[in-house]
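These notes concern the structure reproduced below.
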Amino acid sequence: PILPARDVAKTEEFYAALGFHTVYRDGDYLLMKCDEAEVHFFRHAELDPHANYCGAYLRPTDVDALSREIAALSLPKKGIPRFEPAADQPWGMRELALI
């Protein structure tokens, strides 16, 4: 996925705390990886996070293990950023959300 970022440096710092490492960065573009997951970001300084229409769906091998790792970061449960722990969804998937 290629996602918008208001601040590339802050986005890099945030995803580094999640275990991602930087593969490439310039002033307006960032590429990070964690295991086999690769996420790209482009600078969008005017982005309103509450109206953001972009998203990505990554499928970890063990969603519960990932949920525990992210929970250890003590991210907020409301607002942006926020973390919603892994839960069974009505559509038959077990998912977490990192917003």
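The values are calculated or read from the model by the stated rules, or taken from the named source; none is laboratory data. A quick note: this is a predicted structure, and the numbers were derived from the prediction, not measured. With ideal geometry, Cβ positions are generated from the backbone for all residues, glycine too; neighbour counts draw on all protein chains shown. Note: accessible area is taken over every heavy atom of the protein model, side chains too, but ligands, DNA and RNA are not part of it. Shrake-Rupley method; radii C 1.70, N 1.55, O 1.52, S 1.80 Å.
Structural descriptor for region 23-85: relative contact order 17 percent, calculated from alpha carbon pairs under 8 angstrom and at least 6 residues apart. When Rg and Dmax are taken over the Cα atoms of region 34-86, they come to 13.1, 35 Å. Across the chain the C-alpha pair distances fall into 5 Å bins from zero in the proportions 2, 12, 21, 25, 22, 12, 4, 1, 0 percent.
Counting trypsin sites (Lys or Arg not before Pro) as exposed when in a DSSP loop with at most 12 other beta carbons within 10 Å, what is the longest stretch of the chain free of them? Don't skip to the answer; put the middle values down first.
Working: sites that count: K77, K78, R82.
No qualifying site falls inside 1-76, the longest such stretch.
Tally up the carbon and sulfur contribution to the accessible surface of region 1-49 as a whole percent, 1.4 Å probe, everything protein left in place. Present the calculation step by step, with values, prior to reporting the outcome.
Values: 1480 of 2980 Å².
Carbon and sulfur: 49 percent of the exposed surface of region 1-49.
Take the Cα of R82, step 7 Å toward its Cβ, do the same at I2, and the gap between the two points is 3.0 nm.
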